[in-house]
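Below you'll find the structure, written out as C-alpha cells, and then a few comments.
The values are calculated or read from the model by the stated rules, or taken from the named source; none is laboratory data. Keep in mind the model is a prediction, meaning the values are calculated, not measured. Cβ atoms come from the backbone with ideal geometry, glycine included; neighbour counts cover every protein chain shown. What goes into the accessible areas is simple: the full protein's heavy atoms, side chains included, and nothing from ligands, DNA or RNA. Shrake-Rupley method; radii C 1.70, N 1.55, O 1.52, S 1.80 Å.
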Amino acid sequence: MSTFEDLLAEGEAVPTQGWDFSWFAGRATEQRPSWRYAELLADRMSKAEAALDIQTGGGEVLASVPAAPPVLAATESWPPNLEIARRNLARFGATVVHAGDAADLPFPSAHFDLVVSRHPVTTRWDEVHRVLRPGGAYLSQAVGDGSVRELTDFLMGPQPVDPTRSPFTTVSAAEAAGLDVVDLRQETLRMEFHDIAAVVHFLRKVIWIVPGFTVDAYRDRLASLHDFIERHGPFVAHSNRLLIEARRPRG
C-alpha cells in the first residue's frame, strides 16, 4: 500500500496541461450532468457556419465533435495549453489564439454565429454579445456557486460562496449585456476522491477550488484528509453545474 508521502509525490508529479482527466480513473469519480454537453456541442457545431470556443483548455472537448463549421476558432489563456489545443484541433483547421480569461476577445464584431465555453473561469458577456452575429447563440456549461465546497472547506476552513456563479447572477449578467437567455439548467453532482494523490492532482489542475494551493502549504490538512480516507473510505464532495444558452436578438 502506498504511503502518504508516496501519494503526495505521485499527485504532484502528474502533468496538469490540458483538460484530460483520464488519470483519475479508479481514483476519483464525478457524476456527469444529464444534459450531455458534448452531444449538445456536437449538434450545435454541425449547424454553425462560424464558431468560437472560449477558454478551450487543450481543446479536448471541442476536438470530440464529429464535424466542425467552416470557420472555427478557440481562445486559451494558459500558454502550455495553446500548443496542445493547436494539435488537438488541427484536423479542423482551427485558429487557436492566446487571450486572457477576462480580456477582450481578439475577433471582429458579429463574426460568429456560435460561441461556446465549457467551465469558463469568467465570462465576458459584453464580449460574447459583441462577437455574436444577430440571432447567434452562446452555449456554455459553467461551474456553479459552491462547487466542491466540501473540499475547499476541509482544507481552508469555512469559506463564503461566490455569488457571481449563482444562476440568478449568471442570467442577470447575460441579460444586462443584451442577450436573451433561452435555456438554463442546474444540477448538483456527486464526486468521490479515493486517495490523497487524486486530491492533490485535482487541486493542482482545478486551481480555483483552493486558490494558491501547494502541497507544502497544506501538508497538515492533507495528512488529516488522507487519514479520513484511510479510515472512512472516499471523501465525498459535490460539483455544481449550470447549462446556459443565450441568443443575441436579431433586431
Can you name the residue in the range 11-41 that is of a type in the set (D, E, K, R) and within 23 Å of W78 (Cα to Cα) and, of all such residues, is modelled with the highest pLDDT? E12
Just checking, does the range 80-95 include any residue being farther than 11 Å from I54 by Cα, open to solvent by 40 Å² or more (accessible area, probe 1.4 Å), without any contact (Cβ under 8 Å) to a residue 40 or more places away in the chain and touching a Ser or Thr at 6+ places or on another chain (Cβ under 7 Å)? no
For the range 29-38, check the following and say yes or no: at least one residue is under 19 Å from G144 (Cα atoms), of a type outside the set (F, W, Y) and in a helix (DSSP H, G or I). yes
Conditions: (1) in contact with a Pro (Cβ under 7 Å, 6 or more places away or on another chain); (2) open to solvent by 60 Å² or more (accessible area, probe 1.4 Å). S140 meets all but one. Number of the miss? (2)
In the range 101-137, how many residues are touching a Phe, Trp or Tyr at 6+ places or on another chain (Cβ under 7 Å), among the charged types (D, E, K, R) and either buried (at least 20 other Cβ atoms within 10 Å of the Cβ) or within 21 Å of R165 (Cβ to Cβ) (or both)? 1
Within the range 200-251, residues among the small types (G, A, S), in contact with a Leu (Cβ under 8 Å, 6 or more places away or on another chain) and closer than 30 Å to A137 by Cα come out as S239, A246
